[in-house]
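S.K.: Have a look at this one.
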Amino acid sequence: MDLSFILNELGEDRENYFNAVSPPIMQSTNFAFKTIADLRVAMANEFEASLYSRGQNPTLTILRKKLAALDGAEDALLFNSGIGAISVTILSLLKTGDHVITVKDPYSWTGKLFNDFLFKFGIAATFIDGSDFSNFENAVKPETRLIYLESPNTFTYQLQDLKKVAAFAKSRSIITMIDNSYCTPLYQQPIKMGIDLVAQSATKYIGGHSDVVAGVITGSTVLIKQIFDNEFMNLGPALSPHSAWLLLRGLRTLPLRLQRSFESTTIVTQWLAAHEEVEKVLWPFSPGFEQDELAHEQMQGCGGLFSFILKNSSLEKIEAFCDHLKHILIAVSWGGHESLVVPAIASMNAAEYDINNEAHQLIRMYIGLEDPQYLITDLQQALA
Ligand SMILES: *Cc1c(COP(=O)(O)O)cnc(C)c1O
């Protein structure tokens, strides 16, 4: 399916709403039926019906079709946050006694889900370095039900060989799931590489304007319907129609925004890597990135999030650098129009800081839609 068709036409039934180019926000909670027979059909298969907006809703259905098509998936399910999409899906897939293998540095709240939350239900997780495939083979147990991936992750950018892991999991009837927020379907298509379920924080690139929190899962109709009919309807993480509309608006410009972010990040990371105050830059498409061959093999482009380390980086030095930025904002999240910085030291105090621990030294930066020279000028004066 053409990307232009997906973004501009798919799912849009304009004759049904006055030929409006921008679809209406169908704010209604419930939908009426002509007859009991019609209502019965809808109630018997709420997955396919606009019946009540905790389930499906026409504005969400437009978005659902587009996001499924972008991933090359049979279907999609929308959530009111990215972590909602991840947590509800994992709760749906696992039960007491099951085991999950996960990459060791997933998104923070995903890590907390595996460590604290699932533990309460008697579900065990093994955290592995996913950049070495043999770790998957070594961690697998008879009760392993799920392999959870994040490639690249969003602090150290470690990758997993998606085709290899997917083939291994299939041979053992283990479900694979990936957090693909970093690449979006435009730069990485995990389902085509054999992965079963793809999660995204739509808060990031899909929304793209730092004004909506949302999540999405894509996969086979069987898996998506199973999640919808059970945990989704019970736990109630539905996205609001207004948020769905903001995501539709974001999608129209996704290719342009992503390309701009990718190109500017290439320029900014090159400039930083050559700066005398910079020890190293971590970005999958940087020359010399440890897994650069795999990155170019399975990714068609790279997100605008990267990390870097200053030379002789004391906590005070990192903090002073960030505090001196005039245009690049100190803030969490990413994927919006604005460039951001968040150093690892933001979650520790001076006593905890270890100058020899690379993880403590990382400064994460996101490059938005500004002119790259404007950002470089800001970085230059802060480094000085
Ligand atoms: C932000 C983020 C999430 C969580 O998404 P929310 O929309 O904030 O709930 C999950 N994974 C990654 C990689 C993220 O950056």
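Taken together, the values in this text are just the output of simple stated rules run on the coordinates, not laboratory data. In this text the structure is predicted, and so the values were computed from the model without any measurement. Quick reminder, even Gly has a Cβ in these numbers, built from the backbone with ideal geometry, and neighbours come from all protein chains shown.
S.K.: Given the C-alpha centroids of the stretch 87-131 and the stretch 276-301, what is the distance between them in whole angstrom?
M.R.: 28 Å
S.K.: Moving to a separate point now. If I model a spin label at Ser173 and Asp2 as a point 7 Å from the Cα along the Cα→Cβ vector, what separation in nanometres do I get?
M.R.: So the two model labels end up 4.4 nm from each other.
S.K.: Also, quick follow-up: Which peptide among 156-165, 178-187 comes first, and what is the full order, when sorted by highest mean count of other Cβ atoms within 10 Å?
M.R.: Final packing ranking: 178-187, 156-165.
S.K.: Using the Karplus curve 6.51 cos²θ - 1.76 cosθ + 1.60 with θ = phi - 60°, work out ³J(HN,Hα) for each residue of the stretch 292-302 in order, rounded to whole Hz, and write x for Gly and Pro.
M.R.: 5, 5, 5, 4, 6, 6, 10, 10, 8, x, 9
S.K.: Assuming 0.36 nm per residue, please report the length gained on full extension of the stretch Asp129 to Lys112 beyond their Cα-Cα distance.
M.R.: Extending this stretch completely gives an extra 4.4 nm.
S.K.: Looking at the P(r) of the stretch 24-181, how many percent of alpha-carbon pairs lie beyond 19 Å?
M.R.: The share of Cα pairs beyond 19 Å in the stretch 24-181 comes to 62 percent.
S.K.: Work out how much length Lys34 to Phe121 would gain on full extension: take 0.36 nm times their residue separation and subtract the Cα-Cα distance, in nm to one decimal.
M.R.: 26.9 nm
S.K.: Could you state the number of Å between the C-alpha centres of the stretch 4-69 and the stretch 133-167?
M.R.: Answer, in whole Å: 36.
S.K.: Another question about this same structure. Going by amide H atoms built from the backbone, whose H comes under 5 Å of the H on Thr176, apart from near neighbours?
M.R.: The answer is Ile147, Asp196, Leu197.
S.K.: While we're looking at this one, here's another question. Taking 8 Å as the Cα distance limit and 6 or more residues as the minimum spacing, I'd like the relative contact order of the stretch 255-383 as a percentage.
M.R.: 29 percent
S.K.: Continuing with the same structure: Taking Cα atoms of the stretch 255-383, Rg/Rh with Kirkwood Rh, to two decimals?
M.R.: 0.95
S.K.: What is the P(r) of the chain, as percent of Cα-Cα pairs per 10 Å bin from 0?
M.R.: Answer for the chain: a P(r) of 5, 23, 30, 25, 13, 4, 1, 0 percent.
S.K.: Additional query: Got the relative contact order for the chain handy, in percent, Cα pairs under 8 Å and 6 or more residues apart?
M.R.: 16 percent
S.K.: Could you list which residues have their amide H under 5 Å from that of Gln158, counting only those 5 or more apart in sequence or on another chain, with H placed in the peptide plane?
M.R.: For Gln158, the qualifying residues are Asn153.
S.K.: Please turn the phi angles of the stretch 127-132 into ³J(HN,Hα) values with the Karplus equation 6.51 cos²θ - 1.76 cosθ + 1.60 (θ = phi - 60°), one per residue in order, whole Hz, x for glycine and proline.
M.R.: Result, rounded to whole Hz: 8, 10, 7, x, 6, 10.
S.K.: How many nm is it between the label spots at Glu263 and His337, if each spot is 7 Å from the Cα in line with the beta carbon?
M.R.: My value for the distance between the label points is 1.8 nm.
S.K.: While we're here: What is the distance, in nm, between label points placed 7 Å from the Cα along the Cα-to-Cβ direction at Gln380 and at Gln27?
M.R.: Inter-label distance under the simple model: 4.9 nm.
S.K.: Dipole magnitude of the chain about its Cα centre, charges +1 at Lys/Arg Cβ and -1 at Asp/Glu Cβ only, in debye to the nearest 20?
M.R.: 1060 debye
S.K.: Could you go through the stretch 319-329 in sequence order and give the Karplus-derived ³J(HN,Hα) for each residue, using 6.51 cos²θ - 1.76 cosθ + 1.60 with θ = phi - 60°, rounded to whole Hz, and x for Gly and Pro?
M.R.: Rounded to whole hertz, the list is 5, 5, 4, 4, 5, 7, 5, 9, 10, 6, 7.
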